[in-house]
Structures are given as structure tokens and as C-alpha cells.
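Right, one structure below, let's go through it.
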Amino acid sequence: MELRIDNLSKTYSNGIKALQNISLDIPKGMFGLLGPNGAGKSTLMRTIATLQEADSGSIVLGDIDVLQQKNELRQVLGYLPQQFGLYPKISAEVLLNHFAVLKGITNKNERKELVKALLYKTNLYDVRQQNLKGFSGGMKQRFGIAQALLNNPKLLIVDEPTAGLDPVERNRFYNVLSELGEHTVVILSTHIVDDVKELCTNMAIINQGQVCLKGQPLQILEGLKDKVYKKTIEKSELNLYKENYQVISERLFLGKPTIHIISETNPGDGFTAINAELEDVYFSEIFNGTKTKSI
């Protein structure tokens, strides 16, 4: 099972080009879609999930033409949007059972066993009778995954699932997603680099509605091998360094900016060579990438 996206484009009525000729081949497993807010990730996810129309292009999952066979796609789709509402005064078990009914699981015993299994899978069984208003952000996200898995989907889309989660909840969510990726096409849309680094065997970086890089994270990192350098500077020097070097990121360390630059040769000038991280790739593509590259 593979998801193929070819030359997908979408322009909104206000003239914003949300998607510009997006083409991706997404195999079974965890696929990371990385990009800043406003890059077009959510537009792409909603289009794949048949929640909005594309202007042109095609999406195919196995033998399903997604843009033409919306009902067929929805039968095999699990979707966790960036924002979703829950009934606060209903328990997790009752609401998940209700969603199962809406999914067409009419056999009571079958539904009971499925709900129980999903509550265990998402580590919510012990709080199954607790009202959802008392759930933490991570618990709500895990409940969102549980409802997305009710129909044993062939395609699972999760849009910004770990934003706002503490490290413990994020790790729990990682564990759930990594298990799912063994048997399903899972698309993880996020602006958090660590999400992709921890989970995904394939990825793409999208910015301004265009794919600027795609491939396997480890192979992508090879493209920056021996090209990333860092230096701690004074705040007053930052603009000067930006004028003279390809600065891809900056962060404060003990109140002073530490910059990362890309250079084909050792720049000297007090810079130290460092091993490239996926975050360096991300920033280099977001601020400097203009053409699609495959690695």
C-alpha cells in the first residue's frame, strides 16, 4: 500500500497559493511532513482527508482515486486533525463507543472488545470512566488516536499531534505512533523537528506550498556533512554575521547568540565544526531552499 500525490495544487480565493505542484510517494511506515506554520501542511492533510478540494493534480491510495472516490477513502482513513473538540462531560469509554457506532460497528460485543483494545493501546484504560474534561493535553491526543483507529485504517493522518505536550506525554505519543507505523501509511505533519527525527524513516520539508526536500532523514543529513559550523557572538554582531555568512539558525546561550552557518570550507574566524542535525537541515531549507531536492 502506497500513497501517491502528483502535481497537487490549491490556491485560495484570496490569492494565497497554499499548494504548488506537490508530488510525493509515501510508502507504508512513518512519513514526516515538516514545515513552519503556514507552509501548507494542513491544507495538504485536509485535501488528502477529502475535507477540501484541490484545484489540480491527483492523489491515489492503492487502487483508490482519493479525489474522485471520497467515500471509499474515508472507509480506510484515520484522521487526527490539529484541533478537535470533545464532549467534556462524557467518559472516554462512552464517547469512544459512540464513535464506533458512527463508524458502522453495530455488533455490540465486537464494539465492546474493540473499544477495550484501543483504550489499552493508547494507555487510557485505567481512566476510561473519567470525564474527558479532566484529561491532560496528551491524554486527549491519545484519545484522538484511539478514535482514528476504530476502522483499522490503511492511511492515518496526524496533524501537529505533539504541539503543547510535555516531554513525558510526547514520548508516550511517540510510542503509540511508532507501533502503528509498522502496518499502516502514517503521515505525521509537524513543525517540531524532533517529531520527525524520533519517528520517521522518510520525510519531506514543505515551505510556501512547495516541497523543497524529500528523502530519508539519515541520507539527508549526509548532505550537510562537514558543512555546519557554530560560533557564539555578541548580539550587536548578529547582523554583520548574517551579511557575511549563510546563517541558518540562532539561539541564545548564556544571554549571547550562538549561530550555525553552512560553509563549503572551514570559515575560520573562531567557528567550530559540528555534526549536522536534522534541525540544521530544516532551517537551511526553510530559509534558503527554493527547488525540490530528492535524497
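The values are calculated or read from the model by the stated rules, or taken from the named source; none is laboratory data. Model, not experiment: these values are computed from the prediction. Ideal geometry is used to build each Cβ from the backbone, glycine not excepted, and the neighbour counts take in all protein chains shown. Heads up: the accessible areas ignore ligands, DNA and RNA and are worked out on the full protein's heavy atoms, side chains in. Shrake-Rupley method; radii C 1.70, N 1.55, O 1.52, S 1.80 Å.
Before moving on, here are some points about what is shown:
- Too-long pairs where the Cα-Cα distance tops 18 Å, listed order kept, from Lys235/Lys256; Lys10/Lys41; Lys17/Lys242; Lys41/Lys214: Lys17/Lys242
- Between Asp226 and Gln83, the simple spin-label model (points 7 angstrom out along Cα→Cβ) gives 4.9 nm.
- The order of Asp226, Asp55, Asp65 by accessible area, most exposed first and with a 1.4 Å probe, is Asp226, Asp55, Asp65.
- The charge dipole of the stretch 1-214, taken about the Cα centre with unit charges on the Cβ atoms of Lys, Arg (+1) and Asp, Glu (-1), comes to about 620 debye, rounded to the nearest 20.
- Once the convex hull of all Cα atoms in the stretch 145-234 is built, its volume per residue stands at 159 Å³.
- Length gained when the stretch Lys103-Lys242 is fully extended (0.36 nm per residue, less Cα-Cα span): 44.6 nm
- Base-10 log of normalised Debye intensity for the chain (one unit scatterer per alpha-carbon) at q = 0.07, 0.08, 0.14 Å⁻¹: -0.32, -0.41, -1.06
- In the chain, Cα pairs under 8 Å separated by at least six residues give a relative contact order of 22 percent.
- nm² value of the averaged projected area, convex hull over the Cα atoms of the stretch 219-287: 4.5
- Relative contact order (%) - criterion: Cα under 8 Å, at least six apart; region: the stretch 219-287: 44
- Within a Gaussian network of the chain (alpha carbon springs, distance under 10 Å), most fluctuating of Pro161, Pro153, Pro88: Pro88
- Accessible carbon and sulfur surface of the stretch 219-287 relative to its total accessible area, %, 1.4 Å: 48
- The mean accessible area for residues of the chain, using a 1.4 Å probe and ignoring ligands and nucleic acids, is 51 Å² per residue.
- A protection proxy built from the mean count of other Cβ atoms within 10 Å ranks the segments 261-267, 47-53, most packed first, as 47-53, 261-267.
- Gyration tensor verdict on the stretch 104-168 (Cα atoms; rounded if a/c is under 1.5, prolate if a/b is larger than b/c, oblate otherwise): oblate
- A helix-only calculation puts the chain at -9500 deg cm²/dmol for mean residue ellipticity at 222 nm, using -39500 (n - 2.57) for each DSSP H run of at least four residues, averaged over all residues.
- Counting only residues at least eight positions apart within a chain, or on another chain, the lysines with an alpha carbon under 16 Å from that of Lys112 are Lys103, Lys121.
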